[in-house]
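One structure is given below, represented as structure tokens, and several questions about it will come after.
The values are calculated or read from the model by the stated rules, or taken from the named source; none is laboratory data. Remember, predicted model here, so these are calculated numbers, not experimental data. Glycine gets a Cβ as well: all are built from the backbone with ideal geometry, and neighbour counts include every protein chain shown. What goes into the accessible areas is simple: the full protein's heavy atoms, side chains included, and nothing from ligands, DNA or RNA. Shrake-Rupley method; radii C 1.70, N 1.55, O 1.52, S 1.80 Å.
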Amino acid sequence: MMIEFYEKTKEFHIHNDWISYIIQVFENGHLGNLYFGKKIKRNRDFSHLLQTGERAMAIYPKEQEYDISFQHTKMEYPVYGTGDFRFPALEIEQENGSRITDFRYESHKIYTGKTPLKDLPSLYVEKEEEAETLEINLWDEVCQARLTLSYTIYQDAPVICRNARVKYFGDRSIKIQKIFSTSLDLPDSNYEMIQLSGAWARERYPKTRKLQQGIQGFGSTCGCSSAEHNPFLILKRPYTTEDQGEAFGFSLIYSGNHMEQVEVNTHDITRVLQGIQPETFCWPLHNEEEFQSPEALIVYADHGLNQMSQVLHRLYQRRLVRGTWREKERPILINNWEATEMNFTEEKILQIAKKAKDLGVELFVLDDGWFGNRENDTCGLGDWYVTNFQKLPNGVKGLAEKIVKLGMGFGIWIEPEMVNKDSELYRKHPEWLLQTPNRTLSPGRNQYVLDFTNPDVVEYIYGMIKKILQSAPISYVKWDMNRYITECYSLTQSPETQGTVFHKYILAVYRFYERLIQEFPQILFESCASGGARFDAGMLYYAPQAWTSDDTDAIERLKIQYGTSYAYPISSMGAHVSAVPNQQVGRTTSLSTRGNVAMFGAYGYELDLNWLSLQEQEGVKQQILFMKKYRRLLQYGTFYRIHNPFTEQKAAWIMVSEDKSRAMLGYYRILGAPNQGWDRVYVKGLDEDKLYRVNDDDNQVYYGSELMYAGFMLEYTGERGSNRDFTSELYYFEAIENEEV
């Protein structure tokens, strides 16, 4: 058993070969956290791990018993107002105005497997024996509400999956003001916090700070996970590196407003909270109604940040992504956006597609501009049908059939959540926007957000998208979202339920996605939000890859893909070769370096290949052949970060096959240096005892131990070569038998 309950001591021990998580039911029925970390052996009593004792100014739950004070105790799921003055995990406003609750242990259930969350993405199991789940029911007699805390542990991963659920049984109503998916109290504060933050075109940059007494945190109120702050954080020891030391990874499987917060109290107890952003949330419950929080994961690693990331990568690839594309190699595509933007014709598209096919591309994606009166970004959004037959004489169907006849797949771009005022949809239904009565609407990119909490809106948009997908041989959909939500008010919701709109909006997006993937299981969906503004674990449940960033510059992408890899698998990162000078930063890099960066991801091109010289076209052809040969390794191997582009003038990473027989190292020089010394890379992830041949060169054969501990010496080419700015190399390692030497 991975979950045990010790009746005598009222302790739950959740454990596998890597971790232990220990919860105790106190005498008064409240829950305390005794331990979470590296696996410890079962003891007949873990209560000695509870920190107790009388303290000055402390508040105690019971008269004449000055032992446990909630403000100085590691609580399992703290509530507001009864002596714990730290930020609570749950806050409920009752009809009399009180926000004091007192949830006490009522019962628990332990079962094999994992229950899916209703209307929310979550990890799953294929066989019940893969995981065990603990559900603890707590009851508040005055509030007449039940709080259920859920914990799932997988047999083969150091991860705890958590969520919380509140159900109301009274005859009036309550309002949930805060409900977090995870609350974890740790016994000390000797940690550094890493968050993934940034902005458009520089998403998910790692930001590191030392924990201090007080509150440090981040989140989103944008209506989506956002480009500014990803719903993910790391706590690591100051000595922890990529390959050694303790780290905790916290990942929220959710795509809406979120909050990540770390609080250190006066006695250095650290509290981590993660869940729905409370600033934009208020959820009323009436009799027999319940609210389910999103799922959050806590990963523990004792061998550094690479180990923590690898656990998340495997879980997301194998037990979050679903369907046809779960572990399938992604097609090499070309997207016409940077080549034509909206100024295209069928003839122009076919010219690009024919050249792409000749060079080995497998999929053509028609981006923005194919629908309605869409000539620029001021018009057409909301009208998901072809009206401009000068662009597409035979509609999407005719173009798709011609592309497929060339021997390629065909995909389209959509942005179903948005509308322009210059559209037939808006002229018919101006009331379908999210909009606050008597307030001015704030434009963004000349577009507005549709009210997806209104079922009529969703049905109308779904009907158009479904008709397009049914009408043509479409095998790929890029779902974009190009602005944040403002004036978040639904004309179809009552005043009492306006605090539910942000969350209901995301639930409706999820349901829309779910209907599409059930109706069209063969289609590969890629999520996008002005690039990476909704790159989160929630989206991966529906779309197995995401457009990592609108910034396609290879050197900037080193940082973006490096930071993204802390939480998300390489197979999920849309990564393309674009034209130079780069559209976003104006930098010119070689075709080789652009390809060498993009190959660590879902690979493609963002340019008109006809513009390239014959030599460059041959280079593209060779890149595509190379990617096809090593695609499985590059997308589904075990990923290790080696050199950090944020702290060094170089970057390096490696992908290693599961059996350690093959590996691909990417090495990138950001800026060269004059007369520089020799450089070497300390390779990671290989088998110490295997012999590896490098780049099929029989003169370069080394044991894994040598490559990892003595290092792999890079070729020095002096004034003439690859020590210059923006240069790169890929090195392929293949295990061989001794007799082959």
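Can you report the number of residues in segment 254-295 which are among the hydrophobic types (A, V, I, L, M, F, W, C), in contact with a Ser or Thr (Cβ under 6 Å, 6 or more places away or on another chain) and either open to solvent by less than 10 Å² (accessible area, probe 1.4 Å) or not in a strand (DSSP E or B) (or both)?
Qualifying residue count, segment 254-295: 2.
Follow-up. Among the residues that make up segment 134-141, is at least one of them β-branched (Val, Ile, Thr) and within 20 Å of His503 (Cα to Cα)?
Checking segment 134-141: not a single residue is β-branched (Val, Ile, Thr) and within 20 Å of His503 (Cα to Cα).
Run Asn699 past the list (1) assigned to a strand (DSSP E or B); (2) more than 29 Å from Pro331 (Cα to Cα); (3) modelled with pLDDT of 95 or more and report the number of the one that doesn't hold.
Condition (3) is where Asn699 drops out.
Can you find, within segment 420-453, the residue that is farthest from Thr387 (Cα to Cα) among those that are open to solvent by less than 20 Å² (accessible area, probe 1.4 Å) and over 27 Å from the mean Cα position of the chain (by Cα)?
Only one residue fits best here, namely Leu433.
State all residues of segment 167-186 that are within 17 Å of Glu496 (Cβ to Cβ) and in contact with a strand residue (DSSP E or B) (Cβ under 6 Å, 6 or more places away or on another chain); if no residue qualifies, say none.
Within segment 167-186, Tyr168, Ser173, Ile174, Lys175, Ile176, Gln177 qualify.
Can you find a residue that is within 24 Å of Gly32 (Cα to Cα), in contact with a Ser or Thr (Cβ under 9 Å, 6 or more places away or on another chain) and among the acidic types (Asp, Glu) anywhere in segment 110-129?
no
Being at pLDDT 95 or above, charged (D, E, K, R) and on the phi < 0 side of the Ramachandran plot, is that true of even one residue in segment 711-719?
Checked against the condition, which is being at pLDDT 95 or above, charged (D, E, K, R) and on the phi < 0 side of the Ramachandran plot, segment 711-719 yields no hits at all.
Sticking with this structure for a sec: Do we find that Ile642 is open to solvent by 20 Å² or more (accessible area, probe 1.4 Å), at pLDDT 95 or above and not in a loop (DSSP other than H, G, I, E, B) in this structure?
So Ile642 passes the test.
Still on this structure: Of the residues that sit in segment 646-684 and are under 12 Å from Leu714 (Cβ atoms) and not in a loop (DSSP other than H, G, I, E, B), which one is most open to solvent (accessible area, probe 1.4 Å)?
The qualifying residue most open to solvent (accessible area, probe 1.4 Å) is Arg680.
Would you confirm whether any residue within segment 114-128 is within 29 Å of the chain's Cα centre (by Cα), in contact (Cβ under 8 Å) with a residue 24 or more places away in the chain and part of a strand (DSSP E or B)?
Looking through segment 114-128, none of the residues is within 29 Å of the chain's Cα centre (by Cα), in contact (Cβ under 8 Å) with a residue 24 or more places away in the chain and part of a strand (DSSP E or B).
Additional query: Out of all the residues in segment 475-501, which are surrounded by fewer than 19 Cβ atoms within 10 Å (Cβ to Cβ) and of a type in the set (Phe, Trp, Tyr)?
Once the filter is applied, which keeps residues that are surrounded by fewer than 19 Cβ atoms within 10 Å (Cβ to Cβ) and of a type in the set (Phe, Trp, Tyr), segment 475-501 yields only Tyr489.
Considering only segment 76-104, state which residues are in contact with a Lys or Arg (Cβ under 8 Å, 6 or more places away or on another chain) and either of a type in the set (Phe, Trp, Tyr) or within 30 Å of Met1 (Cβ to Cβ) (or both).
If the condition is that a residue be in contact with a Lys or Arg (Cβ under 8 Å, 6 or more places away or on another chain) and either of a type in the set (Phe, Trp, Tyr) or within 30 Å of Met1 (Cβ to Cβ) (or both), then Pro78, Tyr80, Phe87, Ala89, Leu90 are the ones that fit.
Out of all the residues in segment 315-344, which are farther than 18 Å from Gly574 by Cα and either under 25 Å from the mean Cα position of the chain (by Cα) or open to solvent by less than 60 Å² (accessible area, probe 1.4 Å) (or both)?
Leu315, Arg318, Arg319, Gly323, Thr340, Met342, Phe344
Is it the case that some residue within segment 502-525 is in contact with a strand residue (DSSP E or B) (Cβ under 9 Å, 6 or more places away or on another chain), polar (S, T, N, Q) and open to solvent by 10 Å² or more (accessible area, probe 1.4 Å)?
no
Follow-up. Restricting attention to segment 345-370, report how many residues are among the charged types (D, E, K, R), open to solvent by 10 Å² or more (accessible area, probe 1.4 Å) and part of a loop (DSSP other than H, G, I, E, B).
1
If I ask for residues that are part of a strand (DSSP E or B) and either over 22 Å from Asp119 (Cβ atoms) or among the hydroxyl-bearing types (Ser, Thr, Tyr) (or both), which ones from segment 233-253 would you list?
Residues satisfying the conditions are Leu233, Ile234, Leu235, Lys236, Gly245, Ala247, Phe248, Gly249, Phe250, Ser251.
Rundown of residues vs (1) over 26 Å from Ala567 (Cβ atoms); (2) of a type in the set (Asp, Glu), yes/no style:
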{"site": "Lys114", "(1), (2)": "no, no"}
{"site": "Pro121", "(1), (2)": "no, no"}
{"site": "Glu135", "(1), (2)": "yes, yes"}
{"site": "Leu138", "(1), (2)": "yes, no"}
{"site": "Lys167", "(1), (2)": "yes, no"}
{"site": "Ile174", "(1), (2)": "yes, no"}
{"site": "Gln177", "(1), (2)": "yes, no"}
{"site": "Lys210", "(1), (2)": "no, no"}
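Under 8 Å by Cβ, and 6 or more places apart or on different chains, what pairs join a residue from segment 359-387 that is more than 22 Å from Pro443 (Cα to Cα) and in contact (Cβ under 8 Å) with a residue 60 or more places away in the chain with one that is part of a strand (DSSP E or B) and of a type in the set (D, E, K, R)?
Listed pairs, sorted by first residue: Val365/Lys478; Asp367/Lys478.
Would you point out the residue of segment 575-587, among those that are touching a Phe, Trp or Tyr at 6+ places or on another chain (Cβ under 8 Å) and not in a strand (DSSP E or B), that is surrounded by the most Cβ atoms within 10 Å (Cβ to Cβ)?
Within segment 575-587, the match that is surrounded by the most Cβ atoms within 10 Å (Cβ to Cβ) is Ala579.
Checking Lys178 against (1) surrounded by 20 or more Cβ atoms within 10 Å (Cβ to Cβ); (2) outside any strand (DSSP E or B); (3) of a type in the set (D, E, K, R), which single condition isn't satisfied?
The number of the failed condition is (2).
OK, next. Among the listed residues Ser565, Ser572, which satisfies the condition of being of a type in the set (Gly, Ala, Ser) and either open to solvent by 10 Å² or more (accessible area, probe 1.4 Å) or touching a Leu at 6+ places or on another chain (Cβ under 9 Å) (or both)? Give the steps one after another, and end with the answer.
Values: Ser565 fails: either open to solvent by 10 Å² or more (accessible area, probe 1.4 Å) or touching a Leu at 6+ places or on another chain (Cβ under 9 Å) (or both).
Criteria check complete, one pass: Ser572.
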